[in-house]
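Notes follow the structure.
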Amino acid sequence: MNSFGDKVKFFFGLEEEEHQTDEEPRREVRGERRVQPEAEYVPTDRRERRQPARSYSESRSDRERTYNTQTQSRSYAQDMPSSDTKMIICKYSPVDHRESTSVIDDIKLGRPVILNFEDTEDYVSAKIINICEGAAYALDADISKIANAIYIIVPHGVDVHSNVQRAPVVKEELPGIL
């Protein structure tokens, strides 16, 4: 049986391979390949492979037109729904943080999502909000708090406007304290 050191020496050509006897069956070496005889080397002229250089007389508008067509194909703009199509708003009352994947899928599809955490435990709602905030950042979406336990997540291109004025917080005077 060959030791690891013998295998390394054989790999680097420092030691010849031992021929196995008939008593010991030959094991297949993993990664063993048959070596094909090398084909005759034919040098190629590098100048034949090169494309001709652009001439300096090429107009600037031709180069700009080529650049603009390349950048237009890489545009990341999303199509917004037109006025004749209906917009779907999804409402979730999640119980577990695993439901956040379906929320994120709807945001990816361009649907606004309303999250209602009134019946959800505080630590679960905090987990879901953290997950959704990360997804909103990655998808360039926006997350806003609507009420005490209700949030809205809107995809890129959808704005949330609020006309509700916050009432000033009035501190009650406790009796006996000046």
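Values as computed for the structure displayed
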| read-out | value |
| --- | --- |
| Pairs of Cα atoms farther than 20 Å apart, region 90-154, % | 13 |
| Neighbour net charge for P155 - beta-carbon separation under 10 angstrom, K R +1, D E -1 | -1 |
| Long-range amide H partners of S93 with built H, under 5 Å | N116 |
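Since every read-out is calculated from the coordinates, none of them should be taken as a lab result. Being a predicted model, the structure only gives us computed values, none of them experimental. Note that we place each Cβ from the backbone using ideal geometry, even for glycine, and neighbour counts take in every protein chain shown.
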